[in-house]
Amino acid sequence: MSNFVSVTRDNSVAVVAIDNPPVNALSFHVRQPLFEALTALRDDASVTAIVLACAGRTFVAGADITEFGKPVQQPELRAIVALLETIAKPTVAAIHGTALGGGLELALGCHFRVADQAARLGLPEVKLGLLPGGGGTVRLPRLVGAAKALGMIVSGTPISADEAKAAGLVDAVFEEDLLTGAIRFASEMVADGRPFPPVRDRNERLAETDLSAFDAKAAELARKARGLEAPLACAQAVRNAITLPFDEALAAERQLFLKLVAGDQSRAQRHLFFAEREAAKIQGKDVTRRKIARVGIIGAGTMGGGIAMAFANGGFPVTLLETGEEALQRGLAMIEKNYAVSVGRGSLTEEARQQRLGLFKGSTDYADLADCDLVIEAVFEDMAVKKVVFGKLDAVARPGAILATNTSYLDVDEIAASTSRPQDVLGMHFFSPANVMKLLEIVRADRTAPDALATVAELARRIGKVPVVVGVCHGFVGNRMLSARGTENEALLLEGATPGQVDKAFTDFGWPMGPFQMGDLAGLDIGWRNRKARGQTAVIADTLCGQGRFGQKTGRGWYRYESGSREPAPDPEVKELIRAKAAELGIARREIGADEIIERTLYPLVNEGARILEEGIAVRASDIDVVWANGYGFPIGKGGPMFWAGLEGAAKIVERLEHWHRLTGRVIFEPAPMLRRFAETGSWEGAGG
Ligand code: 3H9
């Protein structure tokens, strides 16, 4: 017996329990005793049935991801699943929490699966750039049908116990104590005496597959994969399950898995998995968290409303404050409408909508914020306006309440200093739409108290956000780097590229869209207003805005949008404007290739990231990757800008930056010392604070 696997008996039913906190991952130290225990029970004539269960908060949540990339230690998961299938007595997986990845594959090796009501089951390997490599692609379709399996495996999204029951993945869902139910179920299967073939021999559902419909669905998924290999491999593996004999399909799955696990994309996605969890850890683990029961939001515009919804979705009562009744009602109506849309789409039940709406309290009186434990300001981006808001807030908020600003650029130290309690002030920079976007930059000001910071970081995870702590500077991590990425955009156009060429270089790289399409979507007037406020200009963008071309909302921007369409079409007028401006400025035009576009946009992005690390604005390089993957659409298969720098070759990046610096003299191209060091050592370690 080991510390990680124990066997107990309930009469003739053996209960095998895995205990490997926190998520019962199938590490080598679990696999080995598990294999031994199952072998012994298979051969023990006094045992009539086996229940496989887990201690702690969850069933097995997968293979141990930290073991990937290292030599495989036997027995592998596949051997354990194969062993389970040789057992000639009923085996029952008792699932609570999450049965994910290798965990669900282990359960698929059992003859039966039972679950408690709250359990969730899925094969999320695709999110790590992988496919299920323990037989999941071959066994799941045999239980739920190929179409359902394809959806589950390519999306990686787990399903509820009830849905799993309806689909045929679990045999019973218990409201009572799970283990009691599972043992009773196992005994009933023994008494029943009916045959119980292993999943590998259950081919009826596969025979129903409409292969051409399957292929059409797989082709649609391939189009959406945006350069990621794993979704395509997942679809191929499920197809193999339909068209090949079991053992051949299993062997093909293994080959696909080995290829993916050794590839850069999976390495990048695994890096992001751990980076997200690391980013959420705040130094000073032991500080006591402040209690947050009610949240106040100042400003019921798009941003304030979205933030309010994010908290209501997390179950928090929210006080929403506006300056006047009309603006307040408009904000509340928008929230109601958004929830109604979700109900219409089927992503929210009517009951949940009612429940969430019941959490909102509207007000136009600051005094109503007195019972809030956290207040987030989401008003107009102007220092003077913010200071007035914080002055009023300071007067009414209860002692110890956390006061947050949702500013995207402004100096949080200055805002904090305008109150009598700077230790309670920090930034919470949400991304729009705030109820959807996962990233939350938590801005630590000079005097922010550690417990306020830790409280907000923990709270962020409770409302489904991915928090990253950043320091104070103009634009923090994300927007500051975005501005470095965009510095060369207009220069590229003036020197000969078209908006379409630049955007294509971006989408070929894996971004969901390029900077010009993005600008048209967000509205070009936003940047115009910001530039004017800061006394800056942009030759072409300013002219476009002067002509009322604000992007999609006006039907014209960098592109032309025909009668309300969202499809960008190249606009000869823009092309001519660029040509004329270049001539006016005496800039010679030439062919510009995709490589140059990447060098002049993404290398400065990495370079600015290195500066941010140097200055301690971000604590770890991986935090920067988390910001970019979750807030700005950096392709996850490349792991974020700082990870990608390693893939691309930091020495090459330094060399090309030097080239462009020599040519243009522009400061964004001057290699940061931290980047040079990374090029020499291959590590970002030792950076920051
Ligand atoms: C797989 O199974 C491949 C097979 O098909 C084939 C094999 C041949 N391994 O997320 P949390 C750690 S691929 C190692 O904060 P939550 C995590 O790093 C796997 N470690 O908790 C963290 O550590 P720390 C398929 C893991 O309650 C701690 O556990 N499975 C693993 O918010 C707590 O995690 C998946 O992709 C792991 N598999 O969420 C599931 N999982 O405290 C991945 C977690 O030191 N896991 N850790 O920072 C999850 O989605 C979530 O962790 C889960 C719990 C929903 C389970």
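A compact table of results
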quantity	calculated
Residue match in the stretch 60-68 (condition: farther than 26 Å from LEU258 by Cβ, near the ligand (Cβ under 8 Å from one of its atoms) and open to solvent by less than 10 Å² (accessible area, probe 1.4 Å))	no
Residue in the stretch 148-157 that is within 16 Å of the ligand (Cβ to nearest atom) and in a loop (DSSP other than H, G, I, E, B) present	yes
The stretch 103-121 - residue that is more than 10 Å from the ligand (Cβ to nearest atom) and not in a loop (DSSP other than H, G, I, E, B) and, of those, nearest to GLY136 (Cα to Cα)	LEU108
Qualifying positions in the stretch 25-51 - in a strand (DSSP E or B) and either more than 16 Å from the ligand (Cβ to nearest atom) or more than 30 Å from LYS127 (Cβ to Cβ) (or both)	ALA49, ILE50, VAL51
Lone unmet requirement of (1) more than 24 Å from PRO512 (Cα to Cα); (2) assigned to a helix (DSSP H, G or I) for ALA645	(1)
LEU369 in contact (Cβ under 8 Å) with a residue 24 or more places away in the chain and under 30 Å from ALA533 (Cβ atoms)	yes
Selection status of VAL173, assigned to a strand (DSSP E or B) and hydrophobic (A, V, I, L, M, F, W, C)	yes
Among (1) away from the ligand (no atom under 16 Å from the Cβ); (2) touching a helix residue (DSSP H, G or I) at 6+ places or on another chain (Cβ under 9 Å); (3) farther than 23 Å from LEU272 by Cα; (4) part of a helix (DSSP H, G or I) - the single one GLU220 does not satisfy	(2)
Residue list for the stretch 24-48, filter: open to solvent by 10 Å² or more (accessible area, probe 1.4 Å) and either in contact with a Leu (Cβ under 7 Å, 6 or more places away or on another chain) or on the phi > 0 side of the Ramachandran plot (or both)	ARG31, PHE35, THR39
Given (1) out of contact with any Phe, Trp or Tyr (no Cβ under 7 Å at 6 or more places or on another chain); (2) open to solvent by less than 50 Å² (accessible area, probe 1.4 Å), index of the condition GLY557 fails	(1)
Pair list, Cβ under 7 Å, 6 or more apart: the stretch 6-23 residue open to solvent by 60 Å² or more (accessible area, probe 1.4 Å), other residue within 16 Å of the ligand (Cβ to nearest atom) and not aliphatic (A, V, I, L, M)	ASP19/PHE4; ASP19/GLY56; PRO21/GLY56
Verdict on PRO71 being open to solvent by 50 Å² or more (accessible area, probe 1.4 Å), within 16 Å of the ligand (Cβ to nearest atom) and not in a helix (DSSP H, G or I)	yes
Selected residue (only one of ALA327, ALA340, ALA308 is buried (at least 21 other Cβ atoms within 10 Å of the Cβ) and either at pLDDT 95 or above or not in a helix (DSSP H, G or I) (or both))	ALA308
Qualifying position, being in a helix (DSSP H, G or I), within 13 Å of the ligand (Cβ to nearest atom) and open to solvent by 20 Å² or more (accessible area, probe 1.4 Å), among LEU272, LEU250	LEU250
Filtered residue count, the stretch 143-163, keeping only those that are surrounded by 21 or more Cβ atoms within 10 Å (Cβ to Cβ) and out of contact with any helix residue (DSSP H, G or I) (no Cβ under 8 Å at 6 or more places or on another chain)	1
Hey, GLU125 at pLDDT 95 or above, within 25 Å of the chain's Cα centre (by Cα) and in a helix (DSSP H, G or I) or not	yes
Unmet requirement for ASP623, which otherwise passes all of (1) touching a Phe, Trp or Tyr at 6+ places or on another chain (Cβ under 9 Å); (2) closer than 26 Å to PHE273 by Cβ; (3) open to solvent by less than 50 Å² (accessible area, probe 1.4 Å); (4) not hydrophobic (A, V, I, L, M, F, W, C)	(1)
Condition broken by VAL51, with the remaining ones in (1) crowded, with 24+ Cβ neighbours inside 10 Å; (2) hydrophobic (A, V, I, L, M, F, W, C); (3) farther than 25 Å from VAL190 by Cβ satisfied	(3)
Flag for VAL126 being among the β-branched types (Val, Ile, Thr) and either closer than 30 Å to GLY637 by Cβ or open to solvent by 30 Å² or more (accessible area, probe 1.4 Å) (or both)	yes
Test result for GLY314, on the phi > 0 side of the Ramachandran plot and open to solvent by less than 50 Å² (accessible area, probe 1.4 Å)	no
Positions within the stretch 479-504 being under 22 Å from ALA610 (Cβ atoms) and basic (Lys, Arg), in sequence order	ARG480, ARG485
Those residues of the stretch 572-608 which are of a type in the set (A, V, I, L, M) and either free of Cβ contacts under 8 Å to residues at least 40 places away in the same chain or open to solvent by 70 Å² or more (accessible area, probe 1.4 Å) (or both), in sequence order	LEU577, ALA580, ALA583, LEU585, ALA588
Matching residues, the stretch 456-506, being over 26 Å from ILE526 (Cα atoms) and open to solvent by 30 Å² or more (accessible area, probe 1.4 Å)	GLU458, ARG461, ARG462, GLY464
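Here's the yes/no breakdown for (1) closer than 14 Å to LEU494 by Cβ; (2) over 32 Å from the mean Cα position of the chain (by Cα); (3) among the charged types (D, E, K, R):
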position: ASP520; (1), (2), (3): no, no, yes
position: LEU524; (1), (2), (3): no, no, no
position: ARG534; (1), (2), (3): no, yes, yes
position: THR537; (1), (2), (3): yes, yes, no
position: CYS545; (1), (2), (3): no, yes, no
position: SER565; (1), (2), (3): no, no, no
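Let's see how each residue does on (1) touching a Lys or Arg at 6+ places or on another chain (Cβ under 8 Å); (2) aromatic (Phe, Trp, Tyr); (3) within 12 Å of the ligand (Cβ to nearest atom):
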position: ARG57; (1), (2), (3): no, no, yes
position: LEU77; (1), (2), (3): yes, no, yes
position: LEU84; (1), (2), (3): no, no, no
position: GLY101; (1), (2), (3): no, no, yes
position: LEU128; (1), (2), (3): yes, no, yes
position: PRO132; (1), (2), (3): no, no, yes
position: GLY136; (1), (2), (3): no, no, yes
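So that you can scan it fast, the table gives a plain yes or no per residue for (1) under 30 Å from ILE376 (Cα atoms); (2) surrounded by 17 or more Cβ atoms within 10 Å (Cβ to Cβ); (3) among the hydroxyl-bearing types (Ser, Thr, Tyr); (4) modelled with pLDDT of 95 or more:
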| site | (1), (2), (3), (4) |
| --- | --- |
| GLU220 | no, no, no, no |
| GLU229 | no, yes, no, yes |
| ALA237 | no, yes, no, yes |
| LEU258 | no, no, no, yes |
| ILE292 | yes, yes, no, yes |
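The values are calculated or read from the model by the stated rules, or taken from the named source; none is laboratory data. Please read these numbers as outputs of a predicted model, since none were measured by experiment. For neighbour counting, all protein chains shown are included, and Cβ atoms are generated from backbone atoms with ideal geometry for every residue, glycine included. Accessible surface is based on the protein model in full, side chains and every heavy atom, while ligands, DNA and RNA are left aside. Shrake-Rupley method; radii C 1.70, N 1.55, O 1.52, S 1.80 Å.
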